[in-house]
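**Student:** Here it is, the structure, as structure tokens.
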Amino acid sequence: MSKVSATRPERVLIVHAHPDDETLSSGGTIATLLELGTEVTVLTATRGERGEMLTPALAPLVGDGQRVAAHRETEIAAALAALGGPRHLWLGGPGARPTDLPERRYTDSGMQWGPDGRAVAADDAPADSLTTADLGEVVDDVRAAIRSTGADAVVSYADDGGYGHPDHVRVHHAARYAARAEDVPFSMIVDPGSGDVDMTVDVLPVRAKVRAAVEQYRSQVTVDPVDPADPLALSWVMPHGVRQHAPATEAFRHEAPPAPPAPETYADMSPAGKATAVVVALVAGLLAGGLGTITHQQELGGFPIGIVLTTLIVVGLAVGVRLLYRSRALVAAVGVGVIVATQVLVSVGGQSSPLVLANTAGYVWTFGPAVVAMFALAWPDLSGARATAVGRPEASRSGSSAGRE
């Protein structure tokens, strides 16, 4: 399913501008995710009030936005049922509107074809259309949908809306900003043949469902009959006369590449990371050794505060790196640093150095760090036993990323 290792999301919000967009550009992915057990919600921004009516029986509806909307509501309900029955929300309606705001309805902004063959904004977008609405309000509605569905991934168009439709572009920006605000990964629908693809979904196994869904949009497309020589082929003719073919895969680009997990242990680090960690541990040991050598004789009201604090610092360093990074190498670096710092300072002071005296504190500081380091080095690594006891979570995490390749 993906050329990168990523955990398959459990709840996906797929955001589109008009009825039929969800099926024509991502229907195979919707059906596939549903078969894999993912909770899918389709969020539709408008009811496509300005869409064309292709059949003679529907032609009288053109120009009557409310009747067109009512008809297209029936089409999307039937199409989603054919795909497997994802949850459906309307932008600005229940589940996709902040609870402290009255519900609203965004209408189709319309479009016209530009000189380059791409869609551009219409000259007569209605006052209640999606593109005339405040972008912040649209973003807040998408955020409400993310929260109400518990989505852990959001999918919508690329920044050009696929072919330039202004409603598609507005939905892209709103979905992307909402996903960022809710700290949810955002992915964009892209051409499978482009060189900027992070994930592909093989949609041939669900071709029958996609065909059944496309066939519900009789007002928008004319579906070519099944070709007996190639029953998995699927194509349709758009209102402007262009024939489109459903690809064998649907492709997506992540807004940002999935970040590799941070190393959890010394063994997980790269060679450069291990070398850096050893140097840092050695420097920490040198600092602790220098501080301890200078202060271990200090007393406060007769209490040997110096040796107690410095010993606790050494114990904290040695035991801490052993527990956090499960590394004997880092413990050894800390111990070497403490011992080297102590010996260097004593050597500089000579035989009469007052830094390490022949008393209890002096003996403890001379031998204590080495004993602490040896104990920290000696105890067994029980991480394998812990992983087995809890069902090997690492294996569970990797297994959860199963997907269709």
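The values are calculated or read from the model by the stated rules, or taken from the named source; none is laboratory data. Everything quoted here is computed from the prediction, not taken from an experiment. Cβ: placed from backbone, ideal geometry, glycine included. Neighbour counts: every protein chain shown. Side chains included, ligands, DNA and RNA excluded: accessible areas come from the protein's heavy atoms. Shrake-Rupley method; radii C 1.70, N 1.55, O 1.52, S 1.80 Å.
**Student:** If you count the DSSP beta bridges with both ends in region 105-198, what percent of them are antiparallel, to the nearest 5? Intermediate results must be reported in sequence, preceding the final value.
**Tutor:** Values: 3 of 8 bridges.
For region 105-198, the DSSP antiparallel bridge percentage is about 40.
**Student:** Which whole-number percent gives the relative contact order of region 65-139, counting Cα pairs below 8 Å spaced six or more residues apart?
**Tutor:** On the way: 56 pairs, mean separation 13.8, N = 75.
Computed over region 65-139, the figure is 18 percent.
**Student:** Using mean Cβ contacts within 10 Å as the protection proxy, how do 241-247, 148-154, 132-138 order, highest first? Let's see the in-between values first.
**Tutor:** On the way: 241-247: 12.1, 148-154: 20.6, 132-138: 14.7.
Top to bottom by mean Cβ count within 10 Å: 148-154, 132-138, 241-247.
**Student:** Starting from the residue with the highest accessible area, list 325, 217 in decreasing order, probe 1.4 Å. All intermediate terms of the calculation are to be shown ahead of the outcome.
**Tutor:** Numbers: 325 85, 217 0 Å².
Final ranking, largest accessible area leading: 325, 217.
**Student:** Cut-off 10 angstrom, C-alpha nodes, Gaussian network model of the chain. Which of 379, 113, 90 fluctuates the most?
**Tutor:** Judging by the Gaussian network model, the answer is 379.
**Student:** Toward the positive end of the charge dipole of region 193-282, about the Cα centre and with charges on Cβ (Lys, Arg +1; Asp, Glu -1), which of 272, 222, 201 goes farthest?
**Tutor:** 222
**Student:** Given R₀ = 30 Å, what would the calculated FRET efficiency be for residue 137 paired with residue 112, taking r from the Cβ atoms and rounding to 0.05? Kindly include the intermediate steps, with their values, before the conclusion.
**Tutor:** Details: r = 25 Å, r/R0 = 0.84.
The computed FRET efficiency comes out at 0.75.
**Student:** How many Å² of accessible area per residue for the chain, probe 1.4 Å? Could the numbers behind the result be given before it?
**Tutor:** Numbers: 19930 Å² over 405 residues.
For the chain, the solvent-accessible area averages 49 Å² per residue.
**Student:** Might you work out the accessible area of residue 157 for me, using a 1.4 Å probe with all protein chains in place, and round it to the nearest 10 Å²?
**Tutor:** Approximately 10 Å² of residue 157 is accessible to the 1.4 Å probe.
**Student:** Extending each Cα 7 Å along its Cβ direction at residue 74 and residue 103, get the distance between those two points in nm, one decimal.
**Tutor:** It is 2.1 nm.
**Student:** Right, something else. Could you state the angle between the C-alpha long axis of helix 21-35 and the longest principal axis of the C-alpha atoms of the chain, as a value from 0 to 90 degrees rounded to the nearest 10?
**Tutor:** For helix 21-35, the angle is close to 50 degrees.
**Student:** Leaving ligands and nucleic acids out of the surface, order 199, 53 by accessible area at 1.4 Å, largest first. Intermediate values should be presented prior to the final figure.
**Tutor:** Numbers: 199 40, 53 20 Å².
The ordering from most to least exposed comes out as 199, 53.
**Student:** Taking the DSSP beta bridges in the chain as the whole, what percent of them are antiparallel, to the nearest 5? Walk me through the numbers on the way to the answer.
**Tutor:** Numbers: 19 of 37 bridges.
Expressed as a percentage, antiparallel bridges in the chain total about 50.
**Student:** Another question, if that's okay. If you stretched the chain out fully between residue 81 and residue 160, how much longer would it get, using 0.36 nm times the residue separation minus the C-alpha to C-alpha distance?
**Tutor:** Values: separation 79, 0.36 × 79 = 28.44 nm, distance 2.88 nm.
Once the chain is fully extended between residue 81 and residue 160, it gains 25.6 nm.
**Student:** What do you get for Rg/Rh over region 53-122 if you use C-alpha atoms and the Kirkwood form of Rh?
**Tutor:** Working: Rg = 15.6 Å, Rh = 14.9 Å.
Result for region 53-122 is an Rg/Rh of 1.05.
**Student:** Hey, another quick one. Order 276, 342 by their accessible area, 1.4 angstrom probe, all chains in place, largest first. Could you put the intermediate results ahead of the total?
**Tutor:** On the way: 276 85, 342 10 Å².
Listed by decreasing accessible area, they come as 276, 342.
**Student:** Quick check: at a probe of 1.4 Å, how many percent of the accessible area of the chain sits on carbon and sulfur atoms? The partial results should precede the final answer.
**Tutor:** Values: 12090 of 19930 Å².
In the chain, the share of accessible area belonging to carbon and sulfur is 61 percent.
**Student:** If the only charges are +1 at each Lys and Arg Cβ and -1 at each Asp and Glu Cβ, what is the size of the charge dipole of the chain around the Cα centre, to the nearest 20 debye?
**Tutor:** Values: 31 positive and 44 negative charges, 357 e Å.
Around 1720 debye, computed over the chain.
**Student:** Tell me the angle of helix 360-378 to the major Cα principal axis of the chain, expressed in degrees between 0 and 90 and rounded to the nearest ten.
**Tutor:** The answer is roughly 40 degrees.
**Student:** What number does region 97-227 give for Rg over Rh if you use C-alpha atoms and the Kirkwood radius? Working shown, then result.
**Tutor:** On the way: Rg = 17.0 Å, Rh = 17.0 Å.
Rg divided by Rh gives 1.00.
**Student:** Residue by residue through region 74-85, which ³J(HN,Hα) values in whole Hz follow from phi under the Karplus form 6.51 cos²θ - 1.76 cosθ + 1.60 (θ = phi - 60°), with glycine and proline marked x?
**Tutor:** Once rounded to whole Hz, the list reads 5, 5, 5, 4, 5, 5, 5, 4, 5, 6, x, x.
**Student:** Separate question: Amide H of residue 157 versus every other amide H placed in the peptide plane: which residues, excluding those fewer than 5 positions away on the same chain, fall under 5 Å?
**Tutor:** 172, 189
**Student:** Springs between alpha-carbon atoms under 10 Å, Gaussian network over the chain: tell me which of 277, 208, 69 tops the mean-square fluctuations.
**Tutor:** So, out of 277, 208, 69, the one fluctuating most is 277.
**Student:** Give me the net charge for the shell around residue 241: Cβ to Cβ below 15 angstrom, other residues only, Lys and Arg +1, Asp and Glu -1.
**Tutor:** Values: positive: 243; negative: 52, 224.
Value of the local net charge: -1.
**Student:** Over the Cα atoms of the chain, compute the convex hull volume and normalise it per residue, giving Å³. Don't skip to the answer; put the middle values down first.
**Tutor:** Numbers: hull volume 87.9 nm³, N = 405.
That works out to 217 Å³ per residue.
**Student:** Return the FRET efficiency for the residue pair residue 299, residue 326: r is the Cβ-Cβ distance, R0 is 35 Å, and the value is rounded to the nearest 0.05. Mind showing how you got there, number by number?
**Tutor:** Numbers: r = 37 Å, r/R0 = 1.07.
The pair residue 299/residue 326 has a calculated efficiency of 0.40.
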